[in-house]
Structure formats: structure tokens, C-alpha cells
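Notes for the one structure printed next.
Every number in this text was worked out from the coordinates using simple rules, so none of it is lab data. Quantities reported herein were computed from a predicted structural model and do not represent experimental measurements. Please note: Cβ atoms are built from the backbone with ideal geometry, for glycine as well, and neighbour counts cover all protein chains shown.
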Amino acid sequence: MTNLPRLLLKWYNQHRRVLPWRDHPNSYAVWVSEIMLQQTRVDTVIPYFEKWMNLFPDVRALANASEQDVLNAWEGLGYYSRARNLHKAAKIVAEKFNGELPRDLIDLRSLPGIGRYTVGAIASMAFGMDEPTLDGNLRRVFSRLFDVSESADSPAGEKILWELAAQNLPKGQAGDYNQALMDLGASLCIPKNPRCLLCPLVEICESRKNGTQEARPMLKPKKAVPQYVHAAAVIIKSGRVLLAQRPPDGLLGGMWEFPNGRVNADPATELTKVINAAYSLKVTHRGLRQKKEALGVIQHAYTHFKVTVHVFRCDCDSIPKNKNLKWVKVTDLDDYPMGKIDRRIAQILQA
């Protein structure tokens, strides 16, 4: 499609989105924005990005920050491994590359949290290099433009789409071209009911010609999302509440939570068993005998599962010595990074 770059860039020059990380002289800003934008909408990212750049204006500032401060700044964006990897990578860049993101693509790819897509985005947008990239928007645009029938989330489909991204890359304009594709996918070539009549590429779009635009991209069938039930214990003593810190790796790594565990029957009756098993805490549910309702019932959906958490006020006579358990003033809960479920529990206590 020889006309693709020309038509797209002409549209982009007139309709490009104004975003705080665009045309930024600092490659660090491009890197931060690209990590934040993974699986997160632009409108959600903008205030987080601006706050982040105020707190950690450069690589060295991020490298010298504590993990708790980093997670606090990220709280609410989800997928917290992104924040931990940014922090780890910043330490490496500060020590090994004198505080500047490396332009060598092998070195760039070696940093935690930077994969093929992010390498292409940083190389083209921050360094002006002729490198393709492929995020969710670009997958959708290329799948429709070339009417790709292979599943976009399969190895074969990925290979085809990366080849198309590279083959149609205009030399010397890769940064604007990649961003134009992102803008097109976000504004016109949207997942459902694409706005084809407004698209600058409507005349060259194969799926539009074939009437398959609603069926592209092809994706593998999604698995059923499991639903889990948890019971959580709120243990308060002298104005302080007991928190537990999650392991550094895995879901919500390093974040703080109220002691909780998964249950398979009535949450109120299984509460003491699961809390003892997970934290060696012998708790007493205050309202069990009186059949009192839970302090709250909170629901949340993660990417691959859903959780309903029943929250109970509890007493606990003795707390084992455990570096992952900590008494925290209720008034200080905002200082401890939490996932959305535990933040909602904290807000109930602070109301």
C-alpha cells in the first residue's frame, strides 16, 4: 500500500492528539508513557503521567526512590509489575548507562519490562529510528487494512502483523507514523462500530472492501472468567489496624492488604480458618454469634478472574512476629500502596 503513509500522515498532521509525552525532549518521558499505556486507556494515564513526572522527573530520581513511593504513585493504574519493572530498570540505567536510556536496541530490550513493542515505540518516537511497533491499536488497524484472517493473538498472526508493520514503515518518519496509527486506532478504527466513513484510509482498506471490518481482528475465543470469594479481617487496636505486605513478586507484589483468604463456603464461618492458615493469626469474628452482617462486601474484576470479598471486624489476642505484618494508624492508610479492593476497605474505615 504505497499510499498508506502519505494518507495517514496527512490526516495525523491535522488530527493528532495533544498528549503530555509527545514531542518531549526526554526519552525517559516516552518510556514512562509507553509502560503506563500498556493495557490502560490514554485518559486514565494522563494524570498519572503528570504526577509521576513531578515526583520522578528523570531516571536517577526514579532509581533513588523507595519501592513504596513508586507503588504509591502507581496505585490505581493496575498491573503493578509494570511499576516494579520501571523501578528496577531505572536502577540499571542509572548505574550502567549513566542515567540515559540506551539507544542500542539489544541493551534496550534487556531492561526489565521492555519487550519488542516497547523497544519499537521508544526507538521510533524518542530516538527517531526506523523501527516498527505493534500495540493493540496497530494490530487492529493492520488486521483491517490488510484483511488478515489469521488470529491476531496467535504466533502466526503476530508474525504477519509485525511483517506488515515493518514493510509499510516510511523511512525517516517512523515516530510520527507509529503515533498516527495509534491515534487512528483510538479515534476511528475502534474495536466496535469503526468509523470507516471518516477514516483517511477507507479507500485502501481491504476489510472495508470485503465487508469484514467488524470481524477483524480475528481473536482466539476467550476462556470463561472464574469467580472467587474471599473473607478479609479488619483487626483494629488503639486506633491502629493490622496490614500485611504481599510477596514482592506476583499479583500486587509489594502492596499492602488486610489479612484475607479464599473461601469455599460461608465466608463468616470460614474466616478464622483461612486467616490462621495464611498468616498464623487466630482471629475472632466479632459479629459471628449475633449473625451480624459483614463490614462490607466488595467486588472487583481482574484480567483473568473476578473476586468478591466479604470484610469482617475481628479481634486477635496475639500477633506473631512477622516482618510482613504491621500495625498502621487508620489515619495513615493513604501512605501505604494498596490494590483497589483494599483501598476501598481503607476508605470504609476512614469514612
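Our estimate of slack between Lys10 and Asn54, defined as 0.36 nm per intervening residue step minus the Cα-Cα distance, is 12.4 nm. A Gaussian network model of the chain, with springs between Cα atoms under 10 Å, assigns the largest mean-square fluctuation among Asn322, Asn178, Asn26 to Asn322.
Between rounded, prolate and oblate, where does region 42-83 land on the alpha carbon gyration tensor, with a ≥ b ≥ c its root eigenvalues, rounded for a/c under 1.5, else prolate if a/b exceeds b/c? It is oblate, given that a/c is not under 1.5 and a/b is not larger than b/c. Axis of helix 42-55 versus longest Cα principal axis of the chain: the two differ by about 70°, to the nearest ten degrees. Taking a sphere under 14 Å around the Cβ of Lys329 and counting the other residues whose Cβ falls inside, with K and R at +1 and D and E at -1, yields a net charge of 0. With contributions of -39500 (n - 2.57) from each DSSP H run of at least four residues, the per-residue ellipticity at 222 nm computed over the chain stands at -12500 deg cm²/dmol. How would you classify region 83-128 from its alpha-carbon gyration tensor, with a ≥ b ≥ c the square roots of the eigenvalues: rounded for a/c under 1.5, else prolate if a/b is greater than b/c, otherwise oblate? Here region 83-128 falls in the oblate category. Counting only residues at least eight positions apart within a chain, or on another chain, the aspartates and glutamates with an alpha carbon under 18 Å from that of Lys223 are Asp153. Using only Cα atoms, find the angle between the long axis of helix 136-145 and the longest principal axis of the chain, and express it within 0 to 90 degrees, rounded to the nearest 10. Helix 136-145 sits at roughly 40 degrees to that axis. If you take every residue apart from Pro102 with its C-beta less than 13 Å away from the C-beta of Pro102, what net charge results, scoring Lys and Arg +1 and Asp and Glu -1? It works out to a net charge of -1. The angle between the Cα long axis of helix 155-167 and the longest principal axis of the Cα atoms of the chain comes to about 50 degrees, rounded to the nearest 10. Under a GNM of the chain (C-alpha, springs under 10 Å), which listed residue has the highest mean-square fluctuation: Glu75, Glu163, Glu150? Comparing Glu75, Glu163, Glu150 in the GNM, the peak value goes to Glu163. Let me make sure I get this right: for the chain, a, b and c are the square roots of the gyration tensor eigenvalues over alpha carbons, sorted descending. Under 1.5 in a/c it's rounded, otherwise prolate if a/b > b/c, else oblate. Which is it? In terms of gyration-tensor shape, prolate. The Cβ shell under 13 Å around Ala90 holds other residues with a net charge of +1, Lys and Arg each +1, Asp and Glu each -1. For region 70-131, a simple Cβ point-charge model (Lys and Arg +1, Asp and Glu -1, everything else neutral) yields a dipole of about 240 debye relative to the Cα centre.
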